[in-house]
Structures are given as structure tokens and as C-alpha cells.
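Only one structure is covered here, and it is reproduced in the block below.
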Amino acid sequence: MAKVLVVTSGKGGVGKTTSTAALGAALATAGKNVVLIDFDVGLRNLDLVMGAERRVVYDLINVVQGDAKLAQALIRDKRVPSLSLLPASQTRDKDALTDEGVSKVITELKEKFDWVICDSPAGIERGATLAMRHADVAIVVTNPEVSSVRDSDRIIGLLDSKTEKAEKGERIEKHLLLTRFDAARAGRGEMLNIADVLEILSIPLLGIIPESSEVLRASNLGSPVTLNNPVSAAARAYFDAAKRLNGEALDVIIPSDRKSLFGKLFGRRAA
Amino acid sequence: MKLINFFKRPSTAPVARERLQLLLAHERAVSGKSDLIAILQEEIMAVIARHFPVEQEGIKVKMERGEAVSTLEVEVEIPTPMCPSFPLPAKPAKVAALVPGDSSEPKKLGEAPDRDELAYDTAPAEMAKTGTEA
């Protein structure tokens, strides 16, 4: 049964697109059929992070409006064949996205893929609510920083009220992905630690992605960090998060690029 | 707290945490109030108003989000002379329901008053009258 996953955060720049690309690639290399949908109409970037910017012909709005078939708009990844991308429109008006249109596209994608991953735009406007609307599972990407935590709290409220599942009285599965975490700074009390963020947001932890120069290096090259440097700390953290999404119960650790104490084990399990 | 350690730069993370906890407690109660909570508040108010003269401010509906269960707290303040038929404590009546998730159970709570509403719908004025007299 296909699962629809939304990667959301409220705040911009916390790593939604990076995480969508990295998790999507990790799930696909594990043998799943994965499609990534960019919902950021007018400010699309998933194509660029995936290195597919020159292969975009049709986009989500073309499909929603019936100007193109879904198969024409999907871009298959050249590195991992089970990974596809449905780009957002860069030029069209975002009001062209309708709830019915999106619903139809997602239903069709669910027949062909195991994971439909929706990369949400920042904010709490229509684009963000449309991206989360049909989700079974949500990943709330949060930086250990006050404004990001506050916005995540707001997004969690929206997930509990504005999604189809919530409206039916069902429960949407929510996970926290803590990105750009610096264990050394948290240890010195300069950065919110994991327990603080978890206590404030009260949702289960999917993973901790350490602050890593590999993330920028990968996006410079148009490759998800999990493909560009699979042994890097950030990539390993994303691979673990992908395994947890697939139901594996792994202890949450903070991988480190340096040989240090910070890759220590945390006796916490992701739910 | 600022003087814990003269040798280190003071920790700023605990301040961040405290500020967030305060702010979010407020935001969840005010702006974070979902439509559902607002609807619940109105419906509960309507039902209770049939039996007791209550003020709009006398009813507080609050949702607290927890990891495994969330709590829906309904607090109804009724002037004690108005509720002689029930042995209510002098404190405000407090009804708390454990809610798995945020949105499944509140509906059930919403339904319960609905049934009352139906039962009394035929003669609401009379019921209200007997309620205060009894």
C-alpha cells in the first residue's frame, strides 16, 4: 500500500527540500519505488537539488490542468531508476493548483509508487496546506532554534486540523526530523538540545541530521547527499531515518564525520 | 541563573527553551485554537445554557497536546445557587476527557451534548424551568 508523506516545517530554509531529496534517494536505493513532488509553485528547487533542472518539460500544474499526462511530466532519476520527480511550475500562478486536481494526481501516483513524497513550500498558506492535505505521514523538519521550533508547533497544529485524515477523525502520523544539529554546541548549552525540542513539540523523533558541509557540497553538484556521499554523517543519518520510515526500530544516534564522542548512542527509539 | 558559572560563557539554550515553552503555551491556547475547539465551545455553551444561566466567559475549552494522549479540558463555571439539583462542589465543575490524538475523541464529546439537545428539543423552555426549580 502506497504511503503519502509530506515534508513540511513552516519556516523556510530549515532543510525540507534537502531532506526530501536525501530521504527519497535513500528509500529508492533500498528498493522502493519513490516519487518526489515539488509543491513550491513559483519557487521550485527540488529539481535543482536533484540535478534534474535541465530535464523539466512538464510540471505538476500541467498535469493537474490536463495539458500533460502524468507519465510525460515525471522525470526518472538517472542514478536510481526507482526514483522519480514531479517538478513544480516555475511560472504559473499557484492558484492553478486545485484540491481536486492534486487529489487526482496523488491517487494516480499511489498506484505506481510505494512512497509519494510531497515537498511542501514554507509558510502556512495554500501551497503548504495542499501539500499536507492527502498525507498519511508527515515529517516536520526543525532546526534547534527558537523560530523554527515555534513554526513547527504551528505546522503540527495544521497537520492535526487541515489534513484529510484529521478531518475524518483519523490520526496523521507525525515525525520530527531535527536538522543542522551540532552536538558539541548543544553540549555546551549554546543550542537547544534534543530533549528540549522533543519535550516542546511532543512528536516522535525520526532522526537527527548533524550540521555537515557535505549537505552543501551535494546540493552544489545537484545530487542528494545520500547518493553523493553515502558514508558521510548526514547521509548515514538520512539512511537511518529512511529505515525508520519503513518501520525498522533503530536507536537514534547522531553520526559524526569526525572521530569523536558525539556519535554516542542515545537510548531513544523512534516511534 | 545567569551567575551559575563565571568561567564559561553562560548557557543560552535554557533561556531559549523557557521562552519557547511560555510562548507556545500561550499560542496553543489562543491562536492555536483550532476551529474544532471553537465549535465545541459554542455547542457546549448552547447545551448548557438550556439548563443553567451561564456566561460566555464561564466556559473554557482547552486542548493540551501530549505524546501518547492529548487532553481536552472543558471547564464550566456555574453560579452555585443556580445548580441546586446536583451536589456540585463549590469549585468550578471540571470535566476532563482523555483524548487519543487531537481530533478523534472531541467529536464524540461533541456528539454527547447533541443527544441531550435532541432529547430536550421538544420543550426546551419547560426543561430549563424544571431544571432551575428542582
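The values are calculated or read from the model by the stated rules, or taken from the named source; none is laboratory data. Remember, predicted model here, so these are calculated numbers, not experimental data. Every residue, glycine as well, gets a Cβ built from its backbone with ideal geometry; the counts of neighbours run over all protein chains shown. The area values use the complete protein model at the heavy-atom level, side chains included, leaving out ligands, DNA and RNA. Shrake-Rupley method; radii C 1.70, N 1.55, O 1.52, S 1.80 Å.
The table for this structure:
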{"item": "Residues of the stretch A:16-30 satisfying the condition of being surrounded by fewer than 24 Cβ atoms within 10 Å (Cβ to Cβ) and either of a type in the set (S, T, Y) or on the phi > 0 side of the Ramachandran plot (or both)", "result": "A:T29"}
{"item": "Tally, over the stretch A:58-88, of residues that are more than 19 Å from A:A28 (Cα to Cα), open to solvent by less than 20 Å² (accessible area, probe 1.4 Å), free of Cβ contacts under 8 Å to residues at least 40 places away in the same chain and not in a helix (DSSP H, G or I)", "result": "2"}
{"item": "Scope the stretch B:11-56; condition open to solvent by 90 Å² or more (accessible area, probe 1.4 Å), at pLDDT 80 or above and either more than 9 Å from chain A (Cβ to nearest Cβ) or not in a helix (DSSP H, G or I) (or both); matching residues", "result": "B:E18, B:L22, B:H26"}
{"item": "Count of the stretch A:202-217 residues which are within 22 Å of A:G247 (Cβ to Cβ) and either of a type outside the set (G, A, S) or away from every other protein chain (no Cβ under 12 Å) (or both)", "result": "7"}
{"item": "Which numbered condition A:N33 misses (of (1) modelled with pLDDT of 95 or more; (2) open to solvent by less than 30 Å² (accessible area, probe 1.4 Å))", "result": "(2)"}
{"item": "Pairs where the first residue, in the stretch A:148-176, is without any contact (Cβ under 8 Å) to a residue 12 or more places away in the chain and the second is assigned to a loop (DSSP other than H, G, I, E, B) and not β-branched (V, I, T), C-beta under 7 Å, 6+ apart", "result": "A:G157/B:G32; A:G157/B:S34; A:S161/B:S34; A:S161/B:S103; A:A166/A:D160; A:A166/B:S103; A:G169/B:S103; A:R171/B:G101"}
{"item": "Test: residue in the stretch A:170-183 that is at the interface with chain B (Cβ under 9 Å from one of its Cβ atoms) and among the β-branched types (V, I, T)", "result": "yes"}
{"item": "Every residue from the stretch A:164-181 that is open to solvent by less than 70 Å² (accessible area, probe 1.4 Å), modelled with pLDDT under 95 and not aliphatic (A, V, I, L, M)", "result": "A:K165, A:G169"}
{"item": "First in the stretch B:30-56 and over 25 Å from A:D153 (Cβ atoms), second anywhere and part of a loop (DSSP other than H, G, I, E, B) and modelled with pLDDT under 70, Cβ under 8 Å, 6 or more apart", "result": "B:F52/B:C83"}
{"item": "Some residue of the stretch A:46-62 being farther than 30 Å from A:E145 by Cα, of a type in the set (S, T, N, Q) and over 17 Å from the mean Cα position of the chain (by Cα)", "result": "yes"}
{"item": "Subset of the stretch A:190-228 [open to solvent by less than 10 Å² (accessible area, probe 1.4 Å) and farther than 26 Å from B:R28 by Cα]", "result": "A:I209, A:A218, A:G222, A:P224, A:V225, A:T226"}
{"item": "Filter result (buried (at least 23 other Cβ atoms within 10 Å of the Cβ), more than 8 Å from chain B (Cβ to nearest Cβ) and in a helix (DSSP H, G or I)) within the stretch A:135-150", "result": "A:S148"}
